[in-house]
Structure formats: structure tokens, C-alpha cells
Amino acid sequence: MDWDAVQAYVEALVPQRTGELAAMEAEGRRSGFPIIGPATGHFCYLIARMTGARSVFEMGSGYGYSTAWFARAVRENGGGVVHHVVWDEELSRQARAHLDALGYSDIVQFTVGEAVEALEKSEGGFDLIFNDIDKQAYPRSFDVITRKLRPGGTLIVDNMLWHGAVYDDSDNTPATQAIRELSRRIFSDPEWQATIVPIRDGLLLASRLGSAASKPAADGV
Ligand SMILES: C[S@@+](CC[C@H](N)C(=O)[O-])C[C@H]1O[C@@H](n2cnc3c(N)ncnc32)[C@H](O)[C@@H]1O
């Protein structure tokens, strides 16, 4: 099967975006800024809707494209908060303008700073955490996420296939090793159930079960 054709097919099925969201996608294409794109954005929206998430903490938010999908879900779930966190002041400013134009200023809270530190400082108890920060920080972020996600909460992490580098034994760059380490840790932790959804660059979708006792054996008994 042709990987690029599969991705193009899945992306073409995402409902048409218009107005500000379409403009944000065009900006990503023009500038080359690595937004998650429509198929991943729509997937995040769908998971947030299906789980009824009303408090979302986003790590590595850029100019607000992924934030917009979560804000839409939270609004439709009855309202709540989406934390936009990025360490770049100018990106945070751009995000405020975009999310304001989309009508989400009442839902989104903005923090300029390092995302793992910001999560550590937060009160926690989040329904959903989305992680898209620098890949070398993925292992370090995991302990904080485990403490700040509520039991039964959802974790989504982008770039878990890392363009195929994760299963290329000759690739041992720090970013690749960090992604592999997060995978190893979460898939072997009895407190979590996880899978990787091969949309675009691979999304980790995981649920923090809360206690080892609540994880069923592999045969389901
Ligand atoms: C890959 S971009 C993704 C943007 C966003 N998730 C989207 O799809 O629209 C990641 C952004 O997070 C920022 N970033 C990376 N590591 C970070 C960290 N540890 N703390 C805060 N921001 C970070 C990057 O500078 C960049 O702006």
C-alpha cells in the first residue's frame, strides 16, 4: 500500500475547513511551520468530543491551529478551558489573534513558557493532554503528564512514528531515542493503555487508567 496515498485519502475525508481555520492551514503551507494538519486536527477534535473533554492542556501550541480543534470540541462539549502553551512570545500573540477571530477567546488560556514546567505549575486534573513539544523532552514530560492527567483521562502525543525513524535501527539521534523511550515507558506501564494511530506522523492515543488493578490482562480476563 502507498503510504502517501493513504494519508491523502484520509485527509480528503476531513470535512471542508473555511474562513480562519482554512487561512491557518494556508499559512502553514506557505511558511512550512509544522502544524498537525487537518487529518490529525480532526482526529484530536473527534477524541475530545467522544470523551466529553472540557479541560484540555496543550503542550507546544504554535500559532494555535491544534488549539482551534480542541477549542471547538470543548465548546461543543458544553464549555471549559483549553490551555495554549508555547515558549515563543510572537507565536502566542499570533495564536491570540487567530483564536479570537474564531470566537474562542473565552475558552483558551495563553501561557508563554516551557510547556513541561507550565504543566508542572498547573493545578492538574485535566481531561485531555496533547503533547507536541520538542521530541527530546518527551520522556521528561511523561512523569508530569501522569501526575496532571485525571484518572481516566486521555493523552494524545504527536510524531510517534517520526517519519519512520522509530523503526529504523540505524537511526539513534536524540529525538528518535526520546520518542522510542516514551513508547517503551507507556506501553510497559500498567497504569496506561495505549496505541499508535498511523495518521500522518503517528499519534499516540492513551488512557491513564488510574491504577494497575484496573488494567485487564491481555486475554481480557
Ligand atoms: C510542532 S509545533 C506544533 C504546533 C501546534 N501543535 C499545531 O499543530 O498547530 C511545536 C511548537 O511548540 C514549540 N515548542 C517546542 N517545544 C516546546 C516546549 N518544551 N515548551 C514550549 N513550547 C515548545 C515550538 O517552538 C513550536 O512552536
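The values are calculated or read from the model by the stated rules, or taken from the named source; none is laboratory data. Bear in mind the structure is a predicted one, so any value in this text is a computation, not a measurement. Positions of Cβ are generated from backbone atoms using ideal geometry, with glycine treated the same way; all protein chains shown enter the neighbour counts. SASA here: full protein model, heavy atoms, side chains in, ligands and nucleic acids out. Shrake-Rupley method; radii C 1.70, N 1.55, O 1.52, S 1.80 Å.
A few remarks follow.
- Mean Cβ neighbour count within 10 Å, used as a protection proxy, ranking 91-102, 13-24 highest first: 91-102, 13-24
- Cut-off 14 Å between beta-carbons: net charge of the residues surrounding Leu204, Lys and Arg +1, Asp and Glu -1: +1
- The chain - percent of accessible surface contributed by carbon and sulfur, probe 1.4 Å: 54
- Think of each Lys and Arg Cβ as +1 and each Asp and Glu Cβ as -1; about the Cα centre, that makes the dipole of the chain roughly 580 debye.
- Computed from phi, the 3J(HN,Hα) profile of the range 84-94 under the Karplus parametrisation 6.51, -1.76, 1.60 (θ = phi - 60°) reads 9, 10, 8, 8, 9, 4, 5, 5, 5, 5, 4 Hz, with x in place of Gly and Pro.
- Net charge dipole size for the range 55-159 [Lys, Arg +1 and Asp, Glu -1 on Cβ; Debye, nearest 20]: 260
- 3J(HN,Hα) from dihedral phi, the range 129-139, Karplus parametrisation 6.51/-1.76/1.60, rounded to Hz, x for glycine, proline: 10, 10, 10, 9, 7, 4, 5, 5, 8, 4, x
- Potential extension, Asn172-Ala101 segment - 0.36 nm per residue separation minus Cα distance: 21.3 nm
- Counting only the Cα atoms, the chain fills a convex hull of 139 Å³ per residue.
- Considering only the chain, percent of DSSP beta bridges that pair antiparallel, nearest 5: 35
- Remark: the range 73-142 carries 45 Å² of accessible area per residue (probe radius 1.4 Å; ligands, DNA and RNA excluded).
- Farthest positive-ward along the chain dipole, Cα basis, beta-carbon charges - from Met59, Pro15, Ala48: Ala48
- Between Trp192 and Leu209, the built amide H atoms are under 5 Å apart, and every one of these is 5 or more places off in sequence or on another chain.
- Computed from the alpha carbon positions, the gyration tensor of the range 98-221 leads to an equivalent ellipsoid with semi-axes of 25, 21, 14 Å, biggest first.
- Charge dipole (Cα centre; +1 on Lys/Arg Cβ, -1 on Asp/Glu Cβ; no other charges) of the range 126-182 amounts to roughly 340 debye.
- Along the axis of the charge dipole computed for the chain (Cβ charges of +1 for Lys and Arg, -1 for Asp and Glu, origin at the Cα centre), the listed residues Leu205, Trp3, Val74 are led at the positive end by Val74.
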